[in-house]
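> My questions will all concern the structure given below.
The values are calculated or read from the model by the stated rules, or taken from the named source; none is laboratory data. Keep in mind that what you see is a predicted model, and the values were worked out from it rather than measured. Cβ sites come from the backbone with ideal geometry, for glycine too, and all protein chains shown count toward neighbours. The area values use the complete protein model at the heavy-atom level, side chains included, leaving out ligands, DNA and RNA. Shrake-Rupley method; radii C 1.70, N 1.55, O 1.52, S 1.80 Å.
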Amino acid sequence: MNRAGTKALVSAGAAVALLLAGGGSSVAGGPSVAKDASAKPKGSHSYKLQHTDIDYGGDKTRFESQVKLADGRRVAMHYLDKKGLYVQDYSPKARGWSKPKNVYRTKTDVCQGITLKARAGTVAAIADWARYCYDGEPPMESIAAVATGRLTTWDRHLTKSFDGWIKAEITKNGKQVTFKRYAHRLKWTKGKGFGPKH
């Protein structure tokens, strides 16, 4: 056999070997990779709104809260028993909610409702916990939290053995939040985070 015939046979054999190794897919495309059909892309807003699992009798909705932003987005928070505080944000474009994310983890009993406030793209949250709080005991763990931008990251400030923040005031430009309880103050500033409580 001449050299040209030998080269043709070797090339054909190599092509067959490559096709067999690639599971029958073309060499240019590479081997096919099976994708998990149930997997959701990171950052996907394709989840349902979750609710609290706490039931002490009465209205369960006091253990969850929701607020709407000017651009149509929404933020929802709910307590999970012995797990803490969870958040989801709603995308009007995707028409769905983000995957529930933990904001503060604790096994302490929930205390009061969740306060949410939004202004100029900034969202502020207040939540409290204490043993037997639903029986009238004061809060022992009080969280002040703030999120901006894509609402995926929350700055948090924990105050222990404190009766809890009553309200959160957001400036018109959304760059500062002041948490208040009578004479007590806690300030959050965009780019700096929380300052000392006073």
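> If the chain between S46 and K60 were fully stretched, how many nm would it gain, using 0.36 nm times the residue separation less the Cα-Cα distance?
Length gained between S46 and K60: 2.6 nm.
> With the crude spin-label approximation of a point 7 Å out along Cα→Cβ, what separation in nm comes out for R95 versus T189?
Going from the R95 label point to the T189 one covers 4.4 nm.
> Pop a pseudo-label 7 angstrom from the Cα along the beta-carbon direction at both A70 and E137 and give the gap in nm to one decimal.
In this crude label model, A70 to E137 measures out at 4.3 nm.
> Hey, rough spin-label estimate for K107 and L158, points 7 angstrom out along Cα→Cβ, what's it come to in nanometres?
Going from the K107 label point to the L158 one covers 1.4 nm.
> For a paramagnetic label modelled at 7 Å from the Cα of E169 toward its Cβ, which residues of segment 179-198 fall within the zone defined by backbone nitrogen distances under 13 Å?
What the label zone holds, given the 13 Å backbone N cut-off, is 179-188.
> From Cα pairs below 8 angstrom and at least 6 apart in sequence, can you work out the relative contact order of segment 52-172, rounded to a whole percent? Don't jump to the answer; show the numbers that get you there.
Details: 282 pairs, mean separation 21.4, N = 121.
Computed value for segment 52-172: 18 percent relative contact order.
> A further question on this structure: Given the whole protein assembly as supplied and a 1.4 Å probe, what does the accessible area of V110 come to in Å², nearest 10?
Looks like 0 Å² after rounding.
> May I ask you to compute the full-extension gain from H198 to D81, defined as 0.36 nm times their residue separation minus their alpha-carbon distance, rounded to one decimal in nm?
39.0 nm
> Continuing with this model, one more query. Can you tell me the dipole magnitude for segment 115-198 around its Cα centre, using point charges on the Cβ only (Lys, Arg +1; Asp, Glu -1), in Debye to the nearest 20?
Details: 16 positive and 7 negative charges, 122 e Å.
Roughly 580 debye for segment 115-198.
> Just to confirm the filter: which trypsin sites (Lys or Arg not before Pro) across segment 75-152 are DSSP coil and have at most 15 other Cβ within 10 angstrom of their Cβ? Walk me through the numbers before you get to the answer.
Numbers: sites: K82, K83, K93, R95, K101, R105, K107, K117, R119, R131, R150; in loops: K82, K83, K93, R95, R105, K107, R131, R150.
Here the sparse-neighbourhood loop sites are K82, K83, K93, R95, R105, K107, R131, R150.
> What is the percent carbon and sulfur in the accessible area of segment 52-198, measuring with a 1.4 Å probe over the protein chains and ignoring ligands?
The value for segment 52-198 is 46 percent carbon and sulfur by accessible area.
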